[in-house]
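A quick write-up on the structure given underneath.
Just so you know, all these numbers are worked out from the coordinates, no wet-lab data involved. Keep in mind the model is a prediction, meaning the values are calculated, not measured. Backbone-built Cβ (ideal geometry, glycine too); neighbour counts: all protein chains shown.
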Amino acid sequence: MEKVILGKTGIKVSPLCFGVLPMGPLQKNLPIPVGKKLIRQSLEQGINFFDTAESYQTYPYLKEALAGFSGETVLSSKSTATTYEKMERAVYEGLTALGRSYFDIFHLHAARVTTTVFEDRAGALKCLKDLKKKGVIRAVGVATHSVDVVALAAEREDIDVVFPLINKMGLGIIGGTRDEMVQAITKAHTAGKGVMAMKALAGGHLIGELKEAFDFVRNISGVNAIAVGMVDARELEINLKLFNHEEITREYLTKVKTGKKLLVSVFCKGCGACINACPNGALSLNKGKAKVNHELCLLCGYCNPVCPEFALRVI
Ligand code: SF4
Ligand code: SF4
């Protein structure tokens, strides 16, 4: 797989970044050896870029998969830590869990925050800057769903990489439209930031139009890489083909949809909005969380746009 440089960081990555969240205990909960094998397969086929987070509990998969691999790998992680001390702990505990001496990119994990994030978490950001000076991390990033945060990051010297949510449906974007997020991304790129995009498939809801969904994000000026969650060899194979610009048949696309299910993530706040949106009676509330009846769910995707927490995923 070709490699690209993330903005001005000098970090060389595959445009397909392996998102490790969905294989972990918060979602699919694959056994460690199964997840390890999939990551290892991806490494052998040219993916060198992996994204995770302190909260995803997926470091053991990466540690196992990267052990003994001699090629270059790039690790991106993040933490919701607010203070200097908590961020320092998040980084060093992450390195210990991974058996590594540095992170390539470490983000403020700031998905749904407001534009005061850089002031509210000044201590955590200062910690990342200090760790960069010490060589413990190579680049400081911000992972966010907010248009304004991406635009603000573009203007800051201390942010090297932005990690925005963007997809062709505009699903999950905070504080603006899809096109406004595209403008903010382009602004960040023009300012020399590396751009790795997330949620190009809108939490799995664009799985039926995979190529179009990836093409939309890849064609945005300045997007260097896209983080894509993968949980099995079929997904890996088809995503590799798409990112390597190989032809894919309809049969391949059908295979990717097989065995997928709608999942309610830990971010569900139990507001109930999705229940009214489901025409098939597949959703109910149980102990303050949405619950899916998989016998009735047709994966039509009508529930997804109404969820204010971006909590419904197809995996
Ligand atoms: S994907 Fe469709 S059928 Fe399934 S729960 Fe959502 S709205 Fe209902
Ligand atoms: S709309 Fe989202 S937050 Fe509300 S109950 Fe459904 S899944 Fe949970």
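The distance separating the Cα centre of segment 34-94 from that of segment 218-249 comes to 19 Å.
In whole percents, the pair-distance distribution calculated for segment 167-274 from its alpha-carbon pairs, binned every 5 Å from zero, is 2, 10, 19, 22, 17, 14, 10, 4, 1. When the inverse distances between all different Cα atoms of segment 262-314 are averaged and flipped, the Kirkwood radius reads 10.6 angstrom.
Between GLU155 and THR114, the contour length at 0.36 nm per residue exceeds the alpha carbon distance by 13.1 nm.
Scanning residues 5 or more positions from ALA290 or on other chains, those with amide H under 5 Å from its amide H are GLY270, with H placed 1.01 Å from N in the peptide plane. What FRET efficiency comes out for LEU299 versus LYS12 if R0 is 30 angstrom and r is the Cβ-Cβ distance? Round to the nearest 0.05. About 0.25, to the nearest 0.05. In segment 72-147, the convex hull through the Cα atoms has an average projected area of 4.9 nm², a quarter of its surface area. At an R0 of 45 angstrom, the distance between the Cβ atoms of GLN41 and ALA122 translates into a FRET efficiency of 0.65.
Name the trypsin sites (Lys or Arg not before Pro) in segment 36-145 that are in a loop by DSSP and that have at most 12 other C-beta atoms within 10 Å, would you? Hits after loop and neighbour filter: LYS134.
Here is the list for segment 1-86: GluC sites (Glu not before Pro) lying in DSSP coil, each with at most 14 other C-beta atoms within 10 angstrom of its C-beta, are GLU2, GLU72. Cysteine residues of the chain whose C-beta has no other cysteine C-beta under 4.7 angstrom: CYS17, CYS127, CYS268, CYS271, CYS278, CYS297, CYS300, CYS307.
Fully extending the segment from LYS63 to LYS3, taken as 0.36 nm per residue of separation minus the present Cα-Cα distance, adds 19.3 nm.
Cα-based Rg of segment 2-91 per 2.2 N^0.38 Å, rounded to two decimals? Could the numbers behind the result be given before it?
Working: Rg = 13.8 Å, N = 90, 2.2 N^0.38 = 12.2 Å.
For segment 2-91, the normalised Cα radius of gyration comes out at 1.13.
Derived scalar couplings between HN and Hα for segment 177-182 equal 8, 4, 5, 5, 5, 4 Hz in order, rounded to whole Hz, by the Karplus curve 6.51 cos²θ - 1.76 cosθ + 1.60 (θ = phi - 60°), x for Gly and Pro. Just how many % of Cα pairs in the chain lie over 29 Å apart, if you round to the nearest whole percent? So the portion of pairs separated by more than 29 Å is 33 percent. Which loop-located trypsin sites (Lys or Arg not before Pro) does segment 267-304 contain, where loop means any DSSP state but H, G, I, E or B and the Cβ has at most 13 other Cβ atoms within 10 Å? Sparse-neighbourhood loop trypsin sites (Lys or Arg not before Pro): LYS269, LYS287.
Our coupling estimate for segment 224-231, obtained by passing each phi through the Karplus curve with A = 6.51, B = -1.76, C = 1.60 and θ = phi - 60°, is 8, 8, 10, 7, 10, x, 9, 10 Hz, Gly and Pro reported as x. Over all alpha-carbon pairs in segment 67-205, figure out the percentage whose distance exceeds 18 Å. For segment 67-205, the share of Cα pairs beyond 18 Å comes to 54 percent. Sequence-distant contacts, meaning Cα pairs under 8 Å at least 6 residues apart, place the relative contact order of the chain at 16 percent.
Among the listed pairs LYS86/LYS260; LYS12/LYS37; LYS36/LYS255; LYS8/LYS168; LYS255/LYS289, which have their C-alpha atoms separated by more than 32 angstrom in this model? Pairs exceeding the cut-off: LYS86/LYS260. Summarising the amide proton neighbourhood of GLY19: residues at separation of 5 or more, or on other chains, whose placed amide H is nearer than 5 Å comprise ASP51, VAL228, GLY229, MET230. Rounded to the nearest 20 debye, the dipole magnitude of the chain is 520 debye, with +1 charges on Lys and Arg beta carbons, -1 on Asp and Glu beta carbons, and the Cα centre as origin.
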